[in-house]
């Protein structure tokens, strides 16, 4: 069964809040901005997950043995290992976000901001299918860091 999520991304935040709780058919009008198909979103998220798993596997590959190398080479290897670990950390966090998005898709909450309950704009979901927050809530979250 394919469900289509109606996204009112072109509406102002105030207008979206006014429509919260009203059946989605009543919301749809000339202000309708787009649709996000669950099957498409699921496919994108699964592809992202597979790519992240491949990247993490490559980054975790066996380090080369030192074989009589200089101290400078060892320092360079350490810097490279730190860089690889940082990339693994980022990929792992993104992998977790993708898994969370798949769970939201399964529960029917995909495309709804986890903080305020407003729809996540279609353009945001197209660019970042794993996005859990609308632009406003994500901005607030990033300012708090």
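Report the extension gain between residue 47 and residue 99 in nm, rounded to one decimal, defined as 0.36 nm multiplied by the number of residues separating them, less their alpha carbon distance.
Result: 17.6 nm gained on full extension.
Given R₀ = 35 Å, what would the calculated FRET efficiency be for residue 126 paired with residue 82, taking r from the Cβ atoms and rounding to 0.05?
0.55
Run the quick spin-label model on residue 143 and residue 115: label points 7 Å from Cα toward the beta carbon, then report their separation in nm to one decimal.
Inter-label distance under the simple model: 0.9 nm.
For a footprinting-style exposure proxy, rank 142, 51 by other Cβ within 10 Å, fewest first.
The fewest-first ordering by Cβ neighbours comes to 142, 51.
By count of other Cβ within 10 Å, fewest leading, how are 99, 52, 59 ordered?
99, 59, 52
Quick note: the coordinates plus some simple rules give every number you see, no bench work behind them. As the structure is a prediction and not an experimental result, all values here were calculated from the model. Cβ: placed from backbone, ideal geometry, glycine included. Neighbour counts: every protein chain shown.
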